[in-house]
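The structure under discussion appears below in the form of structure tokens.
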Amino acid sequence: MQICTYVKDQGPRVGIVSDGRVFDAGFDGDMIALITRWPQVRTAVETAAAGVAGTPLSKVRLLAPVPRP
């Protein structure tokens, strides 16, 4: 599983990259918050792509994964 930050209608979102597609991780927060809360949100993030079409990676604008390194 690869995790990214990308632009969606409502602004930057954390996403999952799999099989050339980006799936919204279903997490309301940035990558730093995701890393901080990983033990609590891991299962939800890992299953976020199940049953969802996702967006082709070529149609997504990727951002720096961590907004404030």
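A few notes on this one:
- Placing +1 on each Lys and Arg Cβ and -1 on each Asp and Glu Cβ, with no other charges, gives the chain a dipole about its Cα centre of roughly 140 debye.
- Region 1-60: relative contact order in percent, alpha carbon pairs under 8 Å with at least 6 residues between: 32 percent
- Charge sum, other residues only, whose C-beta stays under 15 Å from G51's C-beta, Lys/Arg counted +1 and Asp/Glu -1: -2
- Nonpolar atom fraction for the chain, defined as the carbon and sulfur part of the 1.4 Å probe accessible area, stands at 54 percent.
- Every Cα-Cα pair in the chain was counted, and those over 13 Å apart are 60% of them.
- Farthest toward the positive end of the dipole of the chain, out of I3, S58, P39, is the Cα of S58, where the dipole comes from beta carbon charges about the Cα centre.
- In the chain, the DSSP-assigned H stretches of four residues or longer account for a calculated mean residue ellipticity at 222 nm of -6000 deg cm²/dmol, using -39500 (n - 2.57) per stretch and the full residue count as denominator.
- Amide hydrogen proximity for S18: with H placed 1.01 Å from N in the peptide plane, the residues at 5 or more positions away or on another chain lying under 5 Å are F23.
- Heavy-atom accessible area per residue - the chain, 1.4 Å, Å²: 66 Å²
- Residues in region 56-69 carry Karplus couplings, in order, of x, 4, 5, 9, 10, 9, 7, 10, 4, x, 10, x, 9, x Hz; the curve used is 6.51 cos²θ - 1.76 cosθ + 1.60 with θ = phi - 60°, and Gly or Pro positions show x.
The values are calculated or read from the model by the stated rules, or taken from the named source; none is laboratory data. Remember, predicted model here, so these are calculated numbers, not experimental data. In this analysis, Cβ positions are derived from the backbone assuming ideal geometry, glycine residues included, and neighbour counts consider all displayed protein chains. The accessibility values were calculated without ligands, DNA or RNA, using every heavy atom of the protein model including side chains. Shrake-Rupley method; radii C 1.70, N 1.55, O 1.52, S 1.80 Å.
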